[in-house]
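A quick write-up on the structure given underneath.
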Amino acid sequence: MEILVKAGQLLLALSILVTLHELGHYWAARLFKIRVDRFYLFFDFLFPLPNVLKFSVFKKKIGDTEWGLGWFPMGGYVQIAGMMDENMDKDTLAQPAKPDEFRSKPAWQRLIVMIGGVTVNLILGMLIYSMILFVWGEKYLPNSAAKYGIVADSLGQKIGLRSGDHITAIDGKTVENFNDIIPTIGMDESKNLTVKRGDSTFNLAVPKGFIGQLSKSKGEGFIGVRYKFVIEKFSGGASSFASTAGFKEGDEVIGINDSTPIFVNDVIAYLATHKTKETVFNVKHKDGKIEPIKFIIPETGKLGVGLGSPLDQFEFKIKQYSIISCIPAGITKSFEMLNGYMKGLNQLFRSLFGKSEVKASDSVGGFISIGNLFPNQWHWEIFWNITAVLSLILAIMNLLPIPALDGGHVIFCLYEMLTGRKPHEKVLEYAQYVGMALLLGLMIYVNGNDIYKFIIVKFLH
């Protein structure tokens, strides 16, 4: 069921993004009276092979355009008359250009048509972020409100952090939002952290090679917010081990044997290393009464409880936006995301030449990776956040100077505008073949990488 929920969210997000992206091209083409022969949500062929398994689920011709729904649900396209693309008809292109064809228009008009999809995706990302801020506001945990400090997992401990530390600044800049810590550290090659531990404050340098490890782990195993172990419910109902041992809903574990204070990470670590051992948990009930509970830790190392949310233990802030103020804030948020993504791409390209700690196989993903971004339960705020991110990423990816992508066509248009000469049609044709081959190879690589991680790593390790 969870897979279906993720798949449904992925399909809806892609449908929205692809439709609006292609409408960007369509609207721009119609503005300059260029004929659009086909408009398809999803491919009616096995992309990027235009003549393989070619059939549509639905199609209807309205005016000069055939509107349809393809069977391959991972994209879509507009077929613009007289344009060298994945649906190129060489016989048609061998004929003289007609007035309503793409190739008969000035280079500047063709350029606008080619950036129409990217433009829509950029505007859409900004618009979604603006509406998110208007409807839900911006909820965040102030770093100063993370009163128990961080939980330092294996990667955090590796660079010298400890649970209970407070990271107060990064490269001398005060950390305002706790959730900004990991993205900020992972953005550049080197960082210097200001750490408060107890009554002392010191600087901690992020070692060389750490950014690659952080990228590979997707931010996991580094740090998290430290919070108390409060039992919200029993996972097995009245038959739960914790329930039979004497725990009650709402209990807070304040000590184990003589150790205090105790937090979630302490309890989990203790249970995992003391299986079948007799122990005493000191708990505080909802009424404030403190009681010791003696029991033998089960072989599973689990109590069978569901924990309360950290949201209940901290004072989160919500910054509200009006219908006017949400727009510049949404634009700013979009540019921040774009900046971070561009830095990530820079590291990825540098890694191809051994100039970055980040490995390509750890940084790229296909449809499984994208689907896993969505939660197991439908949550509109999260859905729109992810859709906004994907819209901006789609814009950047389409601008890459690869033939068969919008960016490749843009390069040829700019070349013509600067030199006054059109590239030879054979150059465009062969470039299209190269671009399609590159896209096919990239699709095989990223989705094969996903399958490897999902099947080999998940089930054999």
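Working note: Karplus 6.51/-1.76/1.60 with θ = phi - 60° gives the range 242-250 the couplings 4, 5, 5, 6, x, 6, 10, 4, x Hz, where Gly and Pro are set to x. Phi angles across the range 389-400 convert, under the Karplus curve 6.51 cos²θ - 1.76 cosθ + 1.60 with θ = phi - 60°, into 3J(HN,Hα) values of 4, 5, 5, 5, 5, 4, 4, 5, 4, 6, 8, 4 Hz, Gly and Pro given as x.
Let me test this: with uniform point scatterers at the alpha carbons of the range 107-262, what is the Debye-based log₁₀ I(q)/I(0) at q = 0.18 1/Å? The Cα Debye sum returns log10 ratios of -1.10. Neighbour counts of other Cβ atoms within 10 Å put 342, 337 in the fewest-to-most order 342, 337. Charges were assigned to the Cβ only: +1 to each Lys and Arg, -1 to each Asp and Glu. The resulting dipole of the range 231-298 about its Cα centre is roughly 140 debye. With K and R counted +1 and D and E -1, the other residues having a Cβ less than 12 Å from that of residue 161 yield a net charge of +3. Using DSSP to call loops (not H, G, I, E or B), can you name the trypsin sites (Lys or Arg not before Pro) in the range 228-284 whose Cβ has at most 14 other Cβ atoms within 10 angstrom? For trypsin sites (Lys or Arg not before Pro) across the range 228-284 that sit outside H, G, I, E and B with at most 14 neighbouring Cβ atoms in 10 Å, the list reads 275, 277.
Would you mind ranking 155, 303, 12 so that the residue whose beta carbon has the fewest other beta carbons within 10 Å leads the list?
Values: 155 18, 303 24, 12 14.
Fewest-to-most ranking of 155, 303, 12: 12, 155, 303.
Over 29 Å apart at the Cα level, from the set 196/289; 191/275; 158/196; 196/233, are 196/289; 191/275; 196/233. For the range 417-425, putting each phi into the Karplus relation 6.51 cos²θ - 1.76 cosθ + 1.60 with θ = phi - 60° gives couplings of 5, 7, 9, x, 10, 7, x, 4, 4 Hz, in residue order, rounded to whole numbers and with x for Gly and Pro.
Bear in mind these aren't lab numbers, they're just calculated from the coordinates by the rules spelled out. Computed from a predicted structure; not experimentally measured. Glycine also receives a Cβ, built like all others from the backbone with ideal geometry; neighbour counts cover every protein chain displayed.
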